[in-house]
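The values are calculated or read from the model by the stated rules, or taken from the named source; none is laboratory data. Fair warning: this is a prediction, and the values are worked out from it, not measured in the lab. A quick note on method: Cβ atoms are made from the backbone with ideal geometry, for glycine too, and the neighbour counts reach across all protein chains shown.
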């Protein structure tokens, strides 16, 4: 009797089951591809008209793929009612738009580019550049116009290979004299072991602001810290956070300095990797967290937060592709979606980071969840994403730590590679199909060797 037939039958049946499972896992991807209409530029919640127009920068992503056109970098201006006004017509090649600062004369200063970044003074009314500076920096996220004719620049990715020296720094460039007139290198305060790869993107200093006469606040993201630097002494006046202490800050972006009426130093900051916006007040040399926005989810890698004169906060929620005005209690009163990967938002009539009352002055200290959003992107609605489901499923188990870490990485990394026509759950299902099919194929190959 031939005893191999039952074995072949069992193997064939197993193959059929695997094929059926792979097909079932691919069905959501096919449905998503046929039915999903990704958000491009669209108004969300508008409960209260904004004070004038808002300019929003979207970083985009340069990967050349079928969905690349929907991951474009752009600068969009919308009016107070959330109606599209215009898109700034600027050709920056394959680079990105980052920081945008409204200036008193009605123009804007834009930090743009990747290699040999450009700092552009642009007139939205004429659609023309007023001037452009290129200072040999790479992937610079922020430069501010100070003292009339000087640029205060956050200079990252500045490793000097010949000298084996990382020269990440902030510096002041005088346009009239065409020279750097002051600089501060982060090697003064950090060791090589701090931050990220010393020979590459060591500090990732993504923001610098003049917050007082001779006082510059910088955000070396990879150090999980915001520092206030004295121009004259080159000493650090104070530091908020510490490298690897992620309970305070975790790879933050774009801090804003506010002082209460009593002079209390206060920092509002997008705590990006922690998916929240936080505010800290400094009393008697100690920082206290007075406000947290984003408890319970619905923020995905925020990268900007500015206090407005009315006490609300203008928040940029990067991987949910939106800018929104939020009350201290977390209610969204104005919202606009711009694909892809929002970076900065400013109210043009108010200027760069206008400031307003601190949370403590408003008597609104506490932790708040977002509410009132139009929820036009998958990560903003009540149906949890794959990453949120994963974290919730393993919460309270011995695996909660590593699974939570993986879920956070998934939510922050996958959007950059996921095609825009695939919803998050459909993409997770497609990945499952690849894993199941690949594992079976590998096992089948080993079995038949």
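Report those strands (runs of 3 or more DSSP E) wholly inside segment 115-173 carrying at least 2 residues which are over 18 Å from residue 211 (Cβ atoms). Spell out the reasoning first.
Numbers: elements: 118-123, 128-134, 143-146, 150-155.
So the answer is 118-123, 128-134.
Let's see how each residue does on (1) more than 24 Å from residue 353 (Cβ to Cβ); (2) free of Cβ contacts under 8 Å to residues at least 12 places away in the same chain; (3) surrounded by 14 or more Cβ atoms within 10 Å (Cβ to Cβ); (4) touching a helix residue (DSSP H, G or I) at 6+ places or on another chain (Cβ under 9 Å):
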residue	(1), (2), (3), (4)
31	yes, no, no, yes
38	yes, no, yes, yes
42	yes, no, yes, no
45	no, no, yes, no
53	no, no, yes, no
Filter pass, residue 201 being under 23 Å from residue 303 (Cα atoms), assigned to a loop (DSSP other than H, G, I, E, B) and within 18 Å of the chain's Cα centre (by Cα): yes
Condition (residue is in a helix (DSSP H, G or I) and either crowded, with 18+ Cβ neighbours inside 10 Å or without any contact (Cβ under 8 Å) to a residue 12 or more places away in the chain (or both)) applied to segment 72-79: is it met by at least one residue? no
With touching a residue at least 60 places away in the same chain (Cβ under 8 Å) and more than 29 Å from the chain's Cα centre (by Cα) as the only criterion, which of 446, 436 stands out? 436
Taking segment 15-29 as the region of interest, how many residues are without any contact (Cβ under 8 Å) to a residue 40 or more places away in the chain and farther than 15 Å from residue 430 by Cα? 2
Return a yes/no flag: does segment 179-195 have any residue that is surrounded by fewer than 21 Cβ atoms within 10 Å (Cβ to Cβ), more than 21 Å from the chain's Cα centre (by Cα), more than 20 Å from residue 153 (Cα to Cα) and touching a residue at least 12 places away in the same chain (Cβ under 8 Å). yes
For segment 143-160, what are the residues that are farther than 20 Å from residue 187 by Cα and touching a strand residue (DSSP E or B) at 6+ places or on another chain (Cβ under 9 Å)? 143, 144, 145, 146, 147, 149, 150, 151
On the given criteria, is residue 393 modelled with pLDDT under 90, over 16 Å from residue 33 (Cβ atoms) and surrounded by fewer than 17 Cβ atoms within 10 Å (Cβ to Cβ)? no
Quick one: is residue 291 outside any loop (DSSP other than H, G, I, E, B) and farther than 24 Å from residue 344 by Cβ? no
Out of the residues in segment 358-374 that are outside any strand (DSSP E or B) and without any contact (Cβ under 8 Å) to a residue 60 or more places away in the chain, state the one that is nearest to residue 211 (Cα to Cα). 362
Selected residue [buried (at least 16 other Cβ atoms within 10 Å of the Cβ) and in contact with a helix residue (DSSP H, G or I) (Cβ under 6 Å, 6 or more places away or on another chain)] from 61, 119: 61
Of all residues in segment 105-146, which are on the phi > 0 side of the Ramachandran plot and modelled with pLDDT of 95 or more? 106, 127, 136, 139
Which listed residue is in contact (Cβ under 8 Å) with a residue 60 or more places away in the chain, crowded, with 24+ Cβ neighbours inside 10 Å, in contact with a strand residue (DSSP E or B) (Cβ under 6 Å, 6 or more places away or on another chain) and part of a loop (DSSP other than H, G, I, E, B), from 340, 334: 340
